[in-house]
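The values are calculated or read from the model by the stated rules, or taken from the named source; none is laboratory data. Everything numeric in this text was worked out from a predicted model, so none of it was measured. Don't worry about glycine lacking a Cβ; one is built from the backbone with ideal geometry, like all the others, and counts go over all protein chains shown. Each accessible area value is taken on the protein alone, full model and side chains, heavy atoms only, with ligands, DNA and RNA left out. Shrake-Rupley method; radii C 1.70, N 1.55, O 1.52, S 1.80 Å.
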Amino acid sequence: METVELKVEMVGLHEKRLRKCLSKLKGIEKVEVDANSHKVVVTGYAHRNKVLKAIRRGGLKADFWSAHNELLNAYTVATASYGSFRFNNFNFY
C-alpha cells in the first residue's frame, strides 16, 4: 500500500470534484483532504503518477507535496495568527 501526499488548489466545491476524480481510480482505499493547507493524502494501491494524472484530468491544479509546501504552510499560519511581523527591518503585512 502506498501513501501519496499532494498539494491541490482547493476553492469552493473542489473537494467534491477531487473525490469524484479519485473515485474512478481502482485501488484507492482512503482520501484525506485538508482544505486549509491545500493538502490531500491518498492511501491505496494506485501508482502516485496515476493519482496525480487523475486529479489534473479533473481540471484541478495539483503537484506532489514537498518540504517547500510545509514552509509555505507554516508562513501562512504565522501571518494569519500574528497579522504582521518584522523581518530584517522590513514590514510584511
Name the residue that is least open to solvent (accessible area, probe 1.4 Å), counting only residues in the range 33-60 that are without any contact (Cβ under 8 Å) to a residue 12 or more places away in the chain and part of a helix (DSSP H, G or I). ASN49
Output the residue which, of all residues in the range 1-26 that are open to solvent by less than 30 Å² (accessible area, probe 1.4 Å) and not in a helix (DSSP H, G or I), is modelled with the lowest pLDDT. MET10
Does the range 17-58 hold any residues that are within 11 Å of LEU6 (Cβ to Cβ) and over 12 Å from the mean Cα position of the chain (by Cα), and which are they? LEU22, ARG48, VAL51, ALA54, ARG56
